[in-house]
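Report on the following structure.
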Amino acid sequence: MNTKLISLLTAAASASTQLLHAHLIGNGPHDHGAMKYDFSVRPPAGVLLAQAARPASPASPAPVAANNSSNSAKAAPFQAFAPKVRTRADANFLYVESDGMPAHNMMVGITAWQQQVPLPQPYTGNNAWRIPLNPMPSKNPVSIKGRFLRGAIALAANGIPIFNPQNNRGEVAQEIGELDQWGGHCGRADDYHYHATPFHLQSVVGKGLPVAYALDGYPIYGLTEPDGSSPTKLDVFNGHELPGLGYHYHGSTKYPYVNGGFHGEVVERDGQVDPQPRAQPMREAGAPLRGARITGFTSKESKSYSLKYEVSGETRHANYTLNDDKSVKFDFVDGRGQVKSETFTPRPRGPGGGQKGKGGQKKGERK
């Protein structure tokens with residue numbers, strides 16, 4: 001790799017105090033109209049973008065020294081979120097481990113909700129994300145429009161997957177109220193993921209580093225080049241090649257919001273990039289709750305969570321706690337204070353974020 005580029009990446013990794021505008025969706029708490037990105041504000045105050053250390057997964061193979069310069073460059077954005085996000089490498093891939101739970105708040109602002117909530121995911125060991133260390137341009141680059149509608153197309157620097165801007169029904173998620181103020185929501189396995197470039201991560205990694213990597217191995221930068229200049233002559237995939245930097249993508253504030261296709265080689269199987277990690281579903285996939293709007297989400301020590309929403313003029317809560325036996329206890333509280341409790345245990349993982357499969361075992365009671 002160009003030594004000048006390595007120096008730039010190293011310097012940028014330490015520039016974690018730089019702030020770009022966050023992408024917030026909606027005009028404000030009382031806006032029930034079409035969502036849009038709002039670049040007039042920064043990330044919400046008081047949100048921590050780094051979390052306490054977590055023990056390394058015992059199933060993770062030890063790192064190797066192969067492709068050392070390439071390893072370091074690709075690992076740099078993820079290291080900004082260490083130790084919550086962990087990396088290792090072999091001769092061909094950088095492996096990224098996380099629990100799929102970002103440090104920022106989640107779900108607030110969603111108006112098209114299918115009653116999913118964020119749950120930790122086992123993106124570790126043999127189920128880690130993998131990024132090609134030496135991506136190869138494809139002889140037949142492919143668009144993501146109408147394709148790759150299941151699973152991720154990229155991985156954000158904070159270890160959160162990025163899906164196609166279209167949902168698995170082909171609708172653009174941000175245009176129909178499905179995304180929160182960070183550009184994310186939960187899938188059918190209660191797996192949190194983005195559907196747009198997470199520009200807010202630029203405030204942690206700095207302008208000189210990408211905020212994500214596409215699963216073909218090419219980096220995704222924010223709205224500027226590493227030197228702060230505006231990108232020019234982007235191709236149909238929101239990408240281009242620059243001397244010393246090579247091919248890379250840029251996020252955007254309009255469709256496709258992220259990489260619009262794969263410049264590099266990928267394998268498509270069952271509507272997604274293959275292979276990729278599988279989420280761990282706990283419950284049956286939820287159904288749309290018409291008229292609901294998520295207004296709050298709080299957590300306590302990464303074990304207990306409370307999602308607040310309004311529907312039919314009533315404020316309700318979905319409170320849930322992660323138990324030591326890996327089960328999850330839910331208390332669904334309606335506007336009159338009545339509580340319906342259910343406990344779910346893990347069920348076999350399905351491919352592509354748990355898009356398939358039946359619900360796990362549960363026990364329920366109404367109080």
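Can you tell me the length gained on complete extension of the stretch SER302 to ASN92, counting 0.36 nm per residue apart and subtracting the Cα distance?
Values: separation 210, 0.36 × 210 = 75.60 nm, distance 3.36 nm.
Taking SER302 through ASN92 to full extension adds about 72.2 nm, to one decimal.
Pop the C-beta distance of LEU234 and GLN338 into the FRET formula with R0 = 45 Å and round what comes out to the nearest 0.05. Could you put the intermediate results ahead of the total?
Numbers: r = 53 Å, r/R0 = 1.19.
Efficiency computed from Cβ-Cβ geometry: 0.25.
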Proxy reagent accessibility, fewest Cβ within 10 Å first, across PHE78, PHE199: PHE199, PHE78
statement: As straight-line cross-link partners of LYS308, the qualifying aspartates and glutamates (C-alpha separation under 19 Å, not fewer than 8 residues apart within one chain) are ASP31, GLU178, ASP180, ASP190, ASP191, ASP331, ASP334, GLU342
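Rule-based calculations on the coordinates, nothing more; no lab input. Since we're looking at a predicted model, the values are computed, not measured. Glycine also receives a Cβ, built like all others from the backbone with ideal geometry; neighbour counts cover every protein chain displayed.
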